[in-house]
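The values are calculated or read from the model by the stated rules, or taken from the named source; none is laboratory data. Everything numeric in this text was worked out from a predicted model, so none of it was measured. So basically every Cβ, Gly included, is an ideal-geometry build from the backbone, and we count neighbours across all protein chains shown. All accessible areas refer to the heavy atoms of the entire protein, side chains included, with ligands and DNA or RNA removed. Shrake-Rupley method; radii C 1.70, N 1.55, O 1.52, S 1.80 Å.
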Amino acid sequence: MADLLHQPYYSGFDLFSSNVEAQLMPDAIPQFIQGEEHDDAVVICLHGFTGVPYEVMPVAKAIAQLGISAAVPLLPGHGFRDRSVQEKEFSRITKEGILAAVRQEIARARERYRWVSMFGFSMGGAIALSMAEENLLDVCVVAAPAIRLPLRGEILIPLLSWASFTLPAPSKESFYLPGYDFHHSRALRTLWQLACHSRKYLDQIQCPLFGVHSHHDAVVPPVVLDMMKESIPGTVKTQWFDDSGHVMLLDQSGLQVASSIAAFFRDQLI
């Protein structure tokens with residue numbers, strides 16, 4: 001665990017004591033899966049806003065099945081078990097703190113691996129793109145990257161984030177989806193700032209990039225893949241999985257999504 005700008009972040013490369021694990025939701029425990037074929041390669045997998053490592057584990061497992069190691073950290077402010085701690089830590093997340101945490105995870109990976117790449121879902125996708133913009137990754141893959149929010153959010157979040165309040169956000173999915181069941185105004189501001197930051201510097205990306213999305217996503221507008229194609233200088237591979245909604249890795253097309261992502265990493269590594 002590292003304390004970055006007073007925000008705890010839990011690395012996918014660490015083993016934790018029972019005391020630490022007791023503070024987190026069972027599905028929020030960071031994970032590391034050792035690949036058996038490519039011992040010099042790793043993919044860091046980032047979960048989304050209010051989410052936990054569970055929601056990106058299908059990709060981590062698919063990557064490991066192809067012989068590449070996968071590390072799944074827990075991002076700052078996320079995954080706590082106690083509601084009072086959830087609200088306290090979630091309200092404290094900042095753009096700078098989250099980006100610093102992910103840079104540190106990449107630095108730790110570079111100590112052990114020659115080839116370091118990243119997958120990010122939703123907010124994690126925006127973060128992954130930011131890391132690619134800083135030329136820190138060998139390959140970047142994103143699913144429903146939150147580089148733009150729904151129009152209502154783009155307008156209201158900057159206007160209301162000066163206040164501190166929570167909003168209920170119960171899951172509307174038919175499948176199991178662990179994570180926070182609320183939004184916090186200050187955390188939403190951070191999400192919006194991450195979106196603005198990542199889309200501002202898309203033209204700096206030089207590494208291979210793959211983006212997947214669904215036209216039926218009601219959370220992140222499908223236009224984000226077009227934004228990436230228009231702004232990123234190199235070729236951007238894209239694929240649509242319209243049988244699923246926003247949380248596509250856990251939805252109907254989940255296995256196909258994970259397999260396509262893992263295959264892209266394998267092809268780029270070979």
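Here is how the numbers come out for the structure above:
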{"quantity": "Mean-position separation - Cα centroids, segment 1-75 and segment 199-270, in angstrom", "calculated": "21 Å"}
{"quantity": "Ranking by accessible area, most exposed first, for 192, 115, 162 with a 1.4 Å probe", "calculated": "162, 192, 115"}
{"quantity": "Solvent exposure ordering (accessible area, 1.4 Å, most first) of 36, 87, 105", "calculated": "36, 87, 105"}
{"quantity": "Long-range lysine pairs (8 or more apart or interchain), the chain, Cα under 24 Å", "calculated": "5"}
{"quantity": "Length-normalised contact order for segment 149-270 - Cα pairs under 8 Å, 6+ apart - percent", "calculated": "21 percent"}
{"quantity": "Net charge dipole size for the chain [Lys, Arg +1 and Asp, Glu -1 on Cβ; Debye, nearest 20]", "calculated": "620 debye"}
{"quantity": "Accessible surface of the chain [probe 1.4 Å, protein heavy atoms]: carbon and sulfur percent", "calculated": "51 percent"}
{"quantity": "Residue 33 accessible area, assembled protein chains, probe 1.4 Å, Å²", "calculated": "40 Å²"}
{"quantity": "Net charge of Cβ neighbours under 14 Å - reference residue 87; Lys, Arg +1; Asp, Glu -1", "calculated": "+2"}
{"quantity": "With all protein chains modelled, accessible area of residue 39 [1.4 Å, Å²]", "calculated": "120 Å²"}
{"quantity": "Accessible surface, the chain, averaged per residue in Å² (probe 1.4 Å)", "calculated": "43 Å²"}
{"quantity": "Antiparallel bridges, percent of DSSP beta bridges restricted to the chain (to nearest 5)", "calculated": "30 percent"}
{"quantity": "Exposure ranking of 216, 246 by accessible area [1.4 Å probe, largest first]", "calculated": "216, 246"}
